[in-house]
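Worksheet for the structure shown next.
The values are calculated or read from the model by the stated rules, or taken from the named source; none is laboratory data. Because the structure is a prediction, the values reported are computed rather than measured. Positions of Cβ are backbone-derived with ideal geometry, glycine not excepted, and every protein chain shown enters the neighbour counts.
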Amino acid sequence: MYALGRMGARARYAIVVAACALVALLGGPRSARALTFEQFTSLNMGGDDAPCWSQDGGYVYYSSRVDGFPHIWRKAADAPMNTSGTRLTTGFAPDELAVGISHDGNWAVMVIYDSLSSHHLWRCPSAGGAPLTKMTFGPFEYLDPEWSVGGKVAFCTTRGGAGYQIWTLSPNGTFPANELTAVTGPGFNDFHPSFSPDGNRIVFSSNRGGGQQLFVSTWNGSAWGAPAQLTNGSGDKSNPCWSPNGLHIAYQLSTSGHGADTAVWIIESDGSNARLATSGGAYDARPCWSPDGNSLAFVSDRSGANYIWLMQDVATPAASESWGRIKDRYRR
């Protein structure tokens, strides 16, 4: 500062102009501290997937092969990287692939590959243990559970006909789920539903628009409306997650082709202002917002294998400039 003060007015002006140009090039001033990245898991040479936060922000749930088969684990958000946390089940299923946590914080719904060679939804206490109860039955697939603030669970399934559709259900204690409601119809592959904070909209990925893009269905008071396309452009968009303030959606974008690079991007909830959030790994995927909107948990291979990472200090103001409009026209 002393050296700057001794400069002439013309020199100081040139430095200020250069700094402003650099800020503009990078997409404008940040409204929060710079993004930081923290590795959250590190055991068993990777195999970690599908992170999900507890509703109080104190825990991160995820699928891990730390004990051989993929199982759901619960780990304190401030726990050391080289610890595994606590497994929710004991000696039951060979494959537990994804998890969603109820908004009252009491229950976890899991995707379990069962002895009938189908993926079904099961429920247990969010801290693990009994009762572990099966929620869905039949010769259908059930994947990607997401709990709404109103208590319903969204998921994708083959129960409605050709391809995968988005449905919702109401948990029913230790009995099978009831009030199963179709959100989308057959004929396409619809995956990865995520509720808006008020529970009245669901964003999901689908091939119904050509390629894999994001779509939104809205509850009209008696039924779910026709899906509206939210994104377009090149690359496959999937695994969307609605931010807690309702203003943003994080998702993964993969370039086409085998062994594609994948990164986490963020858009406004109306589909505008797409911007890059990660660039440190060949595979950055499955983003999930923390309840306060300040962090994103995601899967990354940036340390050599698939582990869970936390992106800290994520700014989500109404007109965010945090990452700039990086390749917006090309990627959105």
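Screening the range 244-276 for residues that are under 21 Å from residue 57 (Cα atoms), among the hydrophobic types (A, V, I, L, M, F, W, C) and touching a Leu at 6+ places or on another chain (Cβ under 9 Å) and picking the one that is surrounded by the most Cβ atoms within 10 Å (Cβ to Cβ) gives 249. Filtered by the rule that a residue be of a type outside the set (Gly, Ala, Ser) and in contact with a helix residue (DSSP H, G or I) (Cβ under 9 Å, 6 or more places away or on another chain), the range 268-309 gives 273, 275, 276.
Considering only residues in the range 138-167 that are surrounded by 23 or more Cβ atoms within 10 Å (Cβ to Cβ), under 18 Å from the mean Cα position of the chain (by Cα) and β-branched (Val, Ile, Thr), the one that is nearest to residue 55 (Cα to Cα) turns out to be 153. As a summary of the residue check, residue 96 satisfies the conditions (1) surrounded by fewer than 23 Cβ atoms within 10 Å (Cβ to Cβ); (2) of a type outside the set (Lys, Arg); (3) without any contact (Cβ under 8 Å) to a residue 40 or more places away in the chain except for the one numbered (1). Checking each residue in the range 49-63 for being of a type outside the set (D, E, K, R) and modelled with pLDDT of 95 or more picks out 50, 51, 52, 53, 54, 57, 58, 59, 60, 61, 62, 63.
Matching residues to (1) surrounded by 20 or more Cβ atoms within 10 Å (Cβ to Cβ); (2) more than 24 Å from residue 276 (Cα to Cα); (3) touching an Asp or Glu at 6+ places or on another chain (Cβ under 6 Å); (4) not hydrophobic (A, V, I, L, M, F, W, C):
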site	(1), (2), (3), (4)
200	no, yes, no, yes
206	yes, no, yes, yes
216	yes, no, no, no
223	no, yes, no, no
227	yes, yes, no, yes
234	no, no, no, yes
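When the range 261-287 is filtered for residues that are of a type in the set (A, V, I, L, M), without any contact (Cβ under 8 Å) to a residue 24 or more places away in the chain and either within 17 Å of residue 206 (Cα to Cα) or in a loop (DSSP other than H, G, I, E, B) (or both), only 282 remains.
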